[in-house]
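Peer 1: First, the structure itself, so that you have it in front of you.
Taken together, the values in this text are just the output of simple stated rules run on the coordinates, not laboratory data. Because the structure is a prediction, the values reported are computed rather than measured. Backbone-built Cβ (ideal geometry, glycine too); neighbour counts: all protein chains shown.
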Amino acid sequence: MTEVLFIEVTARRMEMRACEIAERTYTQGNRLQIIAADQNQAARLDDLLWTFRPDSFVPHGLFEEERDEPPQPVVITTKLEPIPGIESLLMLNYCPTELVGQFSHVIHLIIVDNPERLQASRDYWAQLKEAGFSLRHQKV
């Protein structure tokens, strides 16, 4: 069964928190797919993963379908489809329940200082709960 963890963050810390999650996932020996809201956010994350901490190394890349080699341990994409061989998902946007169900571990970041995003995350929680996912919540 898919476990979904909702983590509270501020809008200013969202991308930094995404990098911390990517680093933790990688150091635990797991692979992670990050679904960014758009190409600009994907590019920012790609850059930030190289610089967010001077002592950190997280092998990552932007997903490119035309490549033949296997993707990096952390893959950033905007496409709403799973990348084969990756069991963990970090959503920086809302994903369809069918996509969420194709991963073992899923993280959704709740933007607590944006009322519209906060309400959308509450609605998303209800949607995933109704769909039968195992849900947990972590405060800031």
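Peer 1: At 0.36 nm per residue, and after removing the present C-alpha to C-alpha distance, how many nm does the segment from ARG122 to ASP47 gain when stretched out fully?
Peer 2: 24.0 nm
Peer 1: Oh, and also: Just from its helices, what would the mean residue ellipticity at 222 nm be for the chain, if runs of 4 or more DSSP H residues each count -39500 (n - 2.57) and the sum is divided by every residue, rounded to the nearest 500 deg cm²/dmol?
Peer 2: One gets -10500 deg cm²/dmol as the mean residue ellipticity at 222 nm.
Peer 1: Any idea what the dipole of segment 3-138 comes to, in debye rounded to 20, about its Cα centre with Lys/Arg Cβ at +1 and Asp/Glu Cβ at -1?
Peer 2: With Lys and Arg at +1 and Asp and Glu at -1, about 520 debye.
Peer 1: What FRET efficiency do you get for ALA131 and MET16 if R0 is 25 Å and r is their Cβ-Cβ distance, rounded to the nearest 0.05?
Peer 2: 0.25
Peer 1: Could you give the nm distance between label points at ASP38 and GLN102, where each point is 7 Å from its Cα heading toward the beta carbon?
Peer 2: 2.4
Peer 1: Can you give the extra length, in nm with one decimal, that the chain gains between GLN138 and GLU81 once fully stretched, where that is 0.36 nm per residue apart less the Cα-Cα distance?
Peer 2: 17.9 nm
Peer 1: Taking just the C-alpha trace of the chain, give me its Rg and Dmax in Å.
Peer 2: 14.3, 42
Peer 1: Ranked highest first by average number of other Cβ atoms within 10 Å, how do 86-97, 37-48 line up?
Peer 2: 86-97, 37-48
Peer 1: Quickly work out the ASN114-to-LEU5 label distance, labels modelled 7 Å from Cα along the C-beta direction, and quote it in nm with one decimal.
Peer 2: The two pseudo-label positions are separated by 2.2 nm.
Peer 1: Counting Lys and Arg as +1 and Asp and Glu as -1, what is the net charge of the other residues whose Cβ lies under 10 Å from the Cβ of ARG53?
Peer 2: Around ARG53, the charge tally is -3.
Peer 1: So, one more: How much of the DSSP bridge set in the chain is antiparallel, in percent, rounded to the nearest 5?
Peer 2: Beta bridges within the chain, antiparallel portion: roughly 0 percent.
Peer 1: Along the charge dipole of segment 3-138, Cβ charges K/R +1 and D/E -1, which of GLY29, LEU135, ILE86 sits furthest on the positive end?
Peer 2: Checked the options; the winner is LEU135.
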